[in-house]
Amino acid sequence: MKKAIVLLSGGLDSATTLFIAGARGFSPQALIFDYGQRHRREIGSAKKICRLAKCPYTIMKISMPWKGSALLDRKIRIRKTGVCPGIPATYVPSRNLIFLSFAASYAEASGADAVFIGANEIDFSGYPDCRKSFFRALERVFRAGTKKGVEGKPLKIIAPLINKSKAEIIKIGTRLGVPYEFTSSCYIGKAGPCGKCDSCRLRAKGFREAGAKDPLLR
């Protein structure tokens, strides 16, 4: 069976991506990052999802002392007045570049053929490192700068949700049995959706348009 590294944050999109990887015939290994984020609830969610999916996981602890994001620095305010135009304060500089570089190294060392990431450029906050053009460019870098790449077995970056609306993602995940009741989306770190931050508003929009009830709403 083909192996894959799946970046798992504990959120709705990454949880769905983990289940998609399995449905596509990959044996997934989750990579969870503890990077000093504002709250640790999402790490607990990711671990719980892995246990339910019977998926092995690795927690990678790294430090980003330069901060530069509302998700790393409590002094920076998280916008709570609707979906933010432009690139919001919750953007973590080069986060996906860093995460995918670790994932590529892990994939080479473990013999994995692909890295899955739950990025989306339809219902998203506008982050530049969540776009198809970024992933295709990074694949070229990996092809040129890794052993697998120069030997003609390039690592694939698979973003199965990249062109999906949040409603489409939820419908796919529901069919696959994704335990959305254990996901964590809130940038502020609430147990349930705060209903105000970008992530929670996009989550609410997705469930509403999918005609489904968010299991985190009691």
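The values are calculated or read from the model by the stated rules, or taken from the named source; none is laboratory data. These numbers were taken from a predicted model, which means no experiment stands behind them. Here Cβ is always computed from backbone atoms with ideal geometry, including for glycine, and neighbour counts include all displayed protein chains. Accessible surface areas use protein heavy atoms only, side chains included; no ligands, DNA or RNA. Shrake-Rupley method; radii C 1.70, N 1.55, O 1.52, S 1.80 Å.
With respect to the conditions (1) in contact with a helix residue (DSSP H, G or I) (Cβ under 8 Å, 6 or more places away or on another chain); (2) in contact (Cβ under 8 Å) with a residue 24 or more places away in the chain, P154 falls short on a single one, namely (2). Could you identify the single residue in S185, S199 that is touching a Phe, Trp or Tyr at 6+ places or on another chain (Cβ under 6 Å) and hydroxyl-bearing (S, T, Y)? Being touching a Phe, Trp or Tyr at 6+ places or on another chain (Cβ under 6 Å) and hydroxyl-bearing (S, T, Y) holds for just one of S185, S199, which is S199.
Of the residues R201, R136, the single one that is open to solvent by 30 Å² or more (accessible area, probe 1.4 Å), at pLDDT below 95 and not in a loop (DSSP other than H, G, I, E, B) is R201. Within segment 34-62, the set of residues being at pLDDT 95 or above and outside any helix (DSSP H, G or I) comprises D34, Y35, K54, C55, P56, Y57, T58, I59, M60, K61, I62. Evaluation of V6 against the conditions (1) assigned to a strand (DSSP E or B); (2) out of contact with any helix residue (DSSP H, G or I) (no Cβ under 7 Å at 6 or more places or on another chain) shows that the sole unmet condition is (2). Number of residues in segment 186-215 that are among the hydrophobic types (A, V, I, L, M, F, W, C), under 18 Å from the mean Cα position of the chain (by Cα) and closer than 15 Å to T90 by Cβ equals 5.
Can you find a residue that is in a loop (DSSP other than H, G, I, E, B) and either of a type outside the set (S, T, Y) or open to solvent by 10 Å² or more (accessible area, probe 1.4 Å) (or both) anywhere in segment 12-22? No, every residue in segment 12-22 fails to be in a loop (DSSP other than H, G, I, E, B) and either of a type outside the set (S, T, Y) or open to solvent by 10 Å² or more (accessible area, probe 1.4 Å) (or both). The set of residues from segment 123-133 being part of a helix (DSSP H, G or I) and surrounded by 18 or more Cβ atoms within 10 Å (Cβ to Cβ) comprises D129, C130. Select, from P215, P193, the only residue that is at pLDDT 95 or above, assigned to a loop (DSSP other than H, G, I, E, B), under 29 Å from I5 (Cβ atoms) and open to solvent by less than 70 Å² (accessible area, probe 1.4 Å). Step by step, each of P215, P193 is checked, and only P215 is at pLDDT 95 or above, assigned to a loop (DSSP other than H, G, I, E, B), under 29 Å from I5 (Cβ atoms) and open to solvent by less than 70 Å² (accessible area, probe 1.4 Å).
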